[in-house]
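Read through the structure below, which is laid out as structure tokens, and then see the notes.
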Amino acid sequence: MSAAEIRSATDLLRDRILEARARHVSLDIRGGNTKAFYGEAPRGEPLELTALTGISSYEPSELVITARAGTPLAEIESVLAERGQCLAFEPPRFEPGGTVGGMVAAGLSGPARASAGPLRDYVLGATILNGRGELLTFGGQVMKNVAGYDVSRLMAGSWGILGVLCEVSLKVLASKVDTATLSFEWTEERALAEMARWNALPLSLTASAWYEGCLRVRLSGAAAAVRSACRKLGGTELDAATAGRWWESVRDHRHPHFRPSGAELAGGECLWRISLPAATPPLQHAGFIAWGGAERWWRTSAPAPRVRALAAAAGGHATLVRAAGKTAGAFTPVSETLMRIHRALKNAFDPDRVLNAGRLYADL
């Protein structure tokens, strides 16, 4: 896009926001619309970002890429792959057509999250349109930026309630030289115990997942380190093609535990994501375990209060990811103190509740 086209697209978005504000209606921010099932149900008139596309700048030597919010995530990953680089946190893509803006707004990370860190750690800067129609820029395009508040990272996982992402700068990393996936036929108890032990060792372990009696771990890094770790851990090594397909199915939620037969859940079942300390013993209903034990996925028809109570008792929290209707709320209710902070931020950025109203919590 030319500079004039970018200004035109941004001006159109601003006009829509101001017009919606004057009419007291909410706007549903959309990129590829691949995450409509996640979070609270979208509501309001659609605000499409697909016209705001393109990579603004890419400096492979500086490990930074800047792109406009409507840029397809597939395009970003393709450009990075050509230079041997990647988004280290492996953002879930769910369906084709996802955008970089939606990726940041959702704040989700994939199998490598436990080793590489969350998406939020990779956001260097952002330009947004707030609910007043003001164009604001935060952060920059360098890894060390201490000028003012770190508002750009606040956009990660905000689900668009604070502003429309127009452009974002991300830190990228070099792709791993070598990778191997090992498989172990172990019970849940042994898998958790071994992962806890391995976490204390200097292994090049970048992902792990246990499902139906089988633990799979991915080792990535320098070839010598990967081969050494394989010899140390044992197990059965999967061929590269099989391993690649399997990890992609986990990353993009095509694995049968997340979407049986590729369809939505039925019969009153819900898919819950439980975040808790990695060393937590086996939990009731947990059918899929990732992140070394820190992420557990339950597919169950148990009532929401029961699921959330079990998660809280284990020192964690539960998020309702997929369900026919999210009457229980998608996200765990926060304390009144935290909710006051949420409200204060919403009032500062979008006082009239124009942008993605209710997408994170009902009164935001």
Given H placed on each backbone N at 1.01 Å, which residues far from Ile29 in sequence or on other chains put an amide H within less than 5 Å of it? Leu47, Asn356
Each label point is 7 Å from the Cα along the Cα-to-Cβ direction; what then is the distance between the points at Glu45 and Arg227, in nm? 6.3
What distance in nm separates the two pseudo spin-label positions at Ala348 and Thr300, each 7 Å out from Cα along the beta-carbon direction? 3.8
What are the residues whose amide H is under 5 Å from the amide H of Ser208, where those residues sit 5 or more places off or on another chain and H is modelled from the backbone? Arg218, Trp291, Gly292
Once Arg340 and Arg245 are pulled to full extension, the length gained, defined as 0.36 nm per residue separation minus their Cα-Cα distance, is 29.8 nm
Give me the extension gain from Tyr58 to Ser175: residue separation times 0.36 nm, minus the current Cα-Cα distance, reported in nm with one decimal. 40.5 nm
Taking amide H positions as placed 1.01 Å from N in the peptide plane, with prolines and chain starts having none, which residues 5 or more places from Arg322, or on another chain, fall under 5 Å of its amide H? Leu271
Any idea what angle helix 336-349 forms with the longest principal axis of the chain, computed on alpha-carbon atoms, 0 to 90 degrees, nearest 10? 40
Which angle from 0 to 90°, rounded to the nearest 10, does the C-alpha axis of helix 188-199 make with the longest principal axis of the chain? 80
Between the alpha-carbon centers of the stretch 310-357 and the stretch 47-117, tell me the distance in whole angstrom. 25
R0 = 41 Å: FRET efficiency of Ala22 with Ala309, Cβ-based, nearest 0.05? 0.40
Between the helical axis of 223-233 and the dominant principal axis of the chain, each derived from Cα atoms, what acute angle in degrees is found, rounded to the nearest 10? 50
Under a Cβ-only charge scheme (Lys and Arg +1, Asp and Glu -1), can you give me the dipole magnitude of the chain about the Cα centre, in debye to the nearest 20? 640
Eligible aspartates and glutamates near Lys346 by straight Cα distance, threshold 17 Å, same-chain separation 8 or greater: Asp28, Glu40, Glu134, Asp150, Glu336, Asp363
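Just so you know, all these numbers are worked out from the coordinates, no wet-lab data involved. Values in this document were obtained by computation on a predicted structure and should not be read as measured data. Here Cβ is always computed from backbone atoms with ideal geometry, including for glycine, and neighbour counts include all displayed protein chains.
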